[in-house]
Amino acid sequence: MTYKYFFGSDNRSIPYLNTLIENYDSIKVVTTEPRNTGRGRKILNNPVEDYCRSNNLECTYFSNSKYYDDMDFGICVSFGSIFSNDFLIKHPSIFNIHLSILPNLVGPSPVETTILNGDTLFGYTIFKIINEVDKGPVLFTNQIDIVNNYSSNVYEELSKDFKINFESIDFNSSLKEQVGDVTRSYKFTKNDYLITKEDTLINAKNKIKAFDVLGPAFIKYDSKIIKIHKYTEDNSNFTYELKDGLLYLDEITPEGKKRMKANDYMRGLQ
Amino acid sequence: MKISASIQASNIYNLLDELENYKDSFDQLHVDITDGNFTDNISLPVAIIEYIKTNTEYVVDTHLMLNNNELFTSKAFEFGSDIVTVHCETTSPELFSSLVNKHNNVGIGILPSTDINVLSDYIDNAHSVLLLTVNPGFSNQSKAVNLLDRITEFKNTYPNYSNLLIVDGGVKNEELQTLRDLKVDIAVQGGAIFAK
């Protein structure tokens, strides 16, 4: 008997795993081992392992030295390990789901980069993983316009679209080489999340939307860090002055406090 | 193949700006930790890993070139390192087994002057193998062994090895395609990135 393998290790991969579970009976899940994460570097299971446990799914840890001889094909989404060349030679049918239309926005942050560019056109590419990052031949692409382009919503909408289209995707069909100019997306540093008075209003809004999963974006206000989850157009709200206008903050996490409405925070200061 | 940028070759006092300036040249970060004992200089404090992991999203592979591998492997993982490489010249096979049992993603490194057969006592447990092609401790050096010869020697000696292969030391941009062709998984570059 052969199995469809799923490789994933963070929250963003779970909706895709869910779609596979709904469509196949024979699935095996591979994830990464627990590691030190977060403040205090506590050892935590990754979300995929937790999801598998709560849904009674078998889940094993990845190693490049393993040979999964019962693999029909594999699907990889947000997986925190590197496949070695030898592993890919032994397992030639592993597909990655990349959240842009390749070769546009190769790299680790296509969704966030699209939002920072002010675009609402998103998409995803299912391609075969080869030795070079995000360069493999393509099985399937789909592009969608997502007007509410907070990254959390974009991730959700893209996974929903994958679910809708899943039945029409044939993982044994022929592949096409990527066509067009390569553009890149990059890893971010914490400095990228910072909104300063030198930012324009549009840049600041794009940062808030882009980083609501990875970040969030933040400002420094009275020497304290205030994380910003949402902005609003309601001018009765807590404001932050930028180069070309006022940013109205909606939901924030002030330093040392819980997430709250910005106006509640302001009332507390008065 | 991924490119890992050795931050020892960067302007470390301005690290985040350096990473931003050269971000199109690498995929992850390589941190050399030396103790002035196994090597002839002292490089970065191990706490730099925590700084990187707190301020960036990069995968960090840490290369320990020192004598007290037990202590510093634990510290490197506590600070958030994703991969830690220790050297076969300073780590007994027994200690290596114990490190592998205690932590995920522990790799073994080998100096250019060490017989490749020494790895046979480690390779079955190793998450990765790092072939160092320069003498340890300083960045921007010329190679002590021929890159192609060393990789070929490794591949011929361990044809069934399937975990990650890392090549570190004086890797030039014009050599990257050769490394890809040789199925290297991670190439470490320092001067080729930050000394542009």
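General remarks:
- Separation of region B:151-187 from region B:41-119 is 19 Å, based on Cα centroids.
- Measuring nothing but how far apart in sequence close Cα pairs (under 8 Å, 6+ apart) lie, relative to its length, chain B scores a relative contact order of 22 percent.
- Rg to Rh, two decimals, where the protein assembly as shown supplies the alpha carbon set and Rh follows Kirkwood: 0.98
- Chain A: relative contact order in percent, alpha carbon pairs under 8 Å with at least 6 residues between: 13
- Subtracting the Cα-Cα distance of B:THR54 and B:VAL118 from their residue separation scaled by 0.36 nm leaves 19.4 nm.
- Other protein chain Cβ atoms within 10 Å, averaged over every residue that makes up A:78-85: 5
- When only Cα pairs below 8 angstrom with a gap of at least 6 residues are kept, region B:20-64 shows a relative contact order of 47 percent.
- Counted charge near A:LEU17, where neighbours are those whose Cβ lies closer than 15 Å (Asp, Glu -1; Lys, Arg +1): -1
- Applying the Karplus relation 6.51 cos²θ - 1.76 cosθ + 1.60 with θ = phi - 60° to region A:116-128 yields 3J(HN,Hα) values of 4, 6, x, 8, 10, 8, 10, x, 8, 10, 9, 9, 7 Hz, where x marks Gly and Pro.
- Partners for A:LYS220 among lysines (Cα-Cα distance below 23 Å; same-chain residues under 8 apart left out): A:LYS187, A:LYS190, A:LYS197, A:LYS205, A:LYS207, A:LYS209, A:LYS230, A:LYS243, A:LYS257, A:LYS258, A:LYS261, B:LYS53
- With a cut-off of 11 Å between beta carbons, the residues surrounding A:LYS257 carry a summed charge of +2, where Lys and Arg count +1 and Asp and Glu -1.
- Inter-chain shielding of B:164-174 (mean C-beta neighbours from other protein chains, 10 Å cut-off): 1
- From the C-alpha gyration tensor of region A:62-173, square roots of 5λ in Å: 27, 15, 12
- With the gyration tensor restricted to C-alpha atoms of region A:190-269, the semi-axes of the equivalent ellipsoid amount to 17, 15, 12 Å, longest first.
- Using the average count of surrounding beta-carbon atoms within 10 Å as a protection proxy, the listed peptides B:23-36, A:165-178 rank, highest first, as B:23-36, A:165-178.
- Dividing the convex hull volume of the alpha-carbon atoms in region B:2-194 by its residue count gives 104 Å³ per residue.
- Taken over region B:51-96, the ratio of Cα radius of gyration to 2.2 N^0.38 Å equals 1.21.
- Charge sum, other residues only, whose C-beta stays under 10 Å from B:LEU165's C-beta, Lys/Arg counted +1 and Asp/Glu -1: 0
- Take each residue in A:60-67, count the other chain C-beta atoms within 10 Å of its C-beta, and the mean is 3.
- Based on the reciprocal of the average 1/r between different C-alpha atoms, the Kirkwood radius for chain A equals 20.4 Å.
Values quoted throughout were computed directly from the atomic coordinates according to the rules given, and no laboratory measurement underlies them. Predicted model only: the values in this text are computed from it and were never measured. Methodologically, a virtual Cβ is constructed for each residue, glycine included, from the backbone with ideal geometry; neighbour enumeration extends over all protein chains shown.
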